[in-house]
Amino acid sequence: MLPWQVDLTKFDDRFKALLGVKYKLGAKDPYLGAPSSQIEYLDCSGFTRDEIYSAAGVVIPDGSYIQREYFEKVLSPVPYGPAQNDLLIFFLTAGVNGVGSVGHVGFARNGVTYECYGGHGVGSRPWNTPVLKDHVHKAFRLPFKTAVKGYSLFASDEHLMKVLPVYDGHAYVAARTWADWFKQQVAWDAPKVLLNGNPLDGDVKLIPENGRNVAYIPFTTAAAFTGVSYVVDNAKHEIRLKPGM
């Protein structure tokens, strides 16, 4: 499993910024995160690397063949398709399925692609364009997060403690932040978070923040472990700790 997620809002914003960049085999960013105004040419793997860096904050290897090997180590392949409500990264491998001497990599979502391809540059085309559909070697589903309004967490004195991000419909809190609030010991024993030496059951998400991965745990799991009482107002996206907390 990947320890990071793609932020779809950042993914779309970067893609729009790169529209107009032309394709050139071997072309890369002057540096990752460079302003789009400084990028005239990219190849397919350079574009892919740029998008993932911009949308997930991580650096993946360069070259479509090496990128495919990278994802093969951490994800299971899925069928290539229109990727409705999904985000796929797909690979055409040189010498496989009728592909020539140069491979290719791109993304697919909701029936269209996000690529940098020969004769065009950065752009989209239908997922089932024959040159793609008939020759894709492998595809992988990338985990992603969408711009969902977080839950404002209030202390019993009405003090705003934190806005908690939402993943898969559940509010999450940084494990170390929670431990600091309630004076607990926190440690990481992959793939679990330990509070006071006890492993927490439930999902743990490693979210890139400021160049490092931060362990987030479901708010409900942290609250239950600590014995914290709270009330949830879903209409206002607010969580309020009960008096005495």
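The values are calculated or read from the model by the stated rules, or taken from the named source; none is laboratory data. As the structure is a prediction and not an experimental result, all values here were calculated from the model. We place every Cβ from the backbone using ideal geometry, glycine too, and count neighbours over all the protein chains shown.
One table, with the values for the structure above:
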read-out: Unique match (being assigned to a loop (DSSP other than H, G, I, E, B), in contact (Cβ under 8 Å) with a residue 12 or more places away in the chain and out of contact with any Cys (no Cβ under 8 Å at 6 or more places or on another chain)) among 214, 228; value: 228
read-out: Output for region 232-245, where each listed residue is exposed (fewer than 14 other Cβ atoms within 10 Å of the Cβ) and either more than 30 Å from the chain's Cα centre (by Cα) or not in a strand (DSSP E or B) (or both); value: 234, 235, 236, 242, 243, 244
read-out: Residue among 119, 150 that alone is under 23 Å from residue 6 (Cα atoms), touching a residue at least 24 places away in the same chain (Cβ under 8 Å) and of a type in the set (Gly, Ala, Ser); value: 150
read-out: Selection within region 67-82 - surrounded by 12 or more Cβ atoms within 10 Å (Cβ to Cβ) and either touching a residue at least 60 places away in the same chain (Cβ under 8 Å) or within 10 Å of residue 45 (Cα to Cα) (or both); value: 67, 68, 71, 72, 75, 77, 78
read-out: Among the residues listed as 62, 29, 86, the single one being outside the structural domain of residue 216 (by TED's automatic domain parsing), in contact (Cβ under 8 Å) with a residue 12 or more places away in the chain, touching a strand residue (DSSP E or B) at 6+ places or on another chain (Cβ under 6 Å) and assigned to a loop (DSSP other than H, G, I, E, B); value: 86
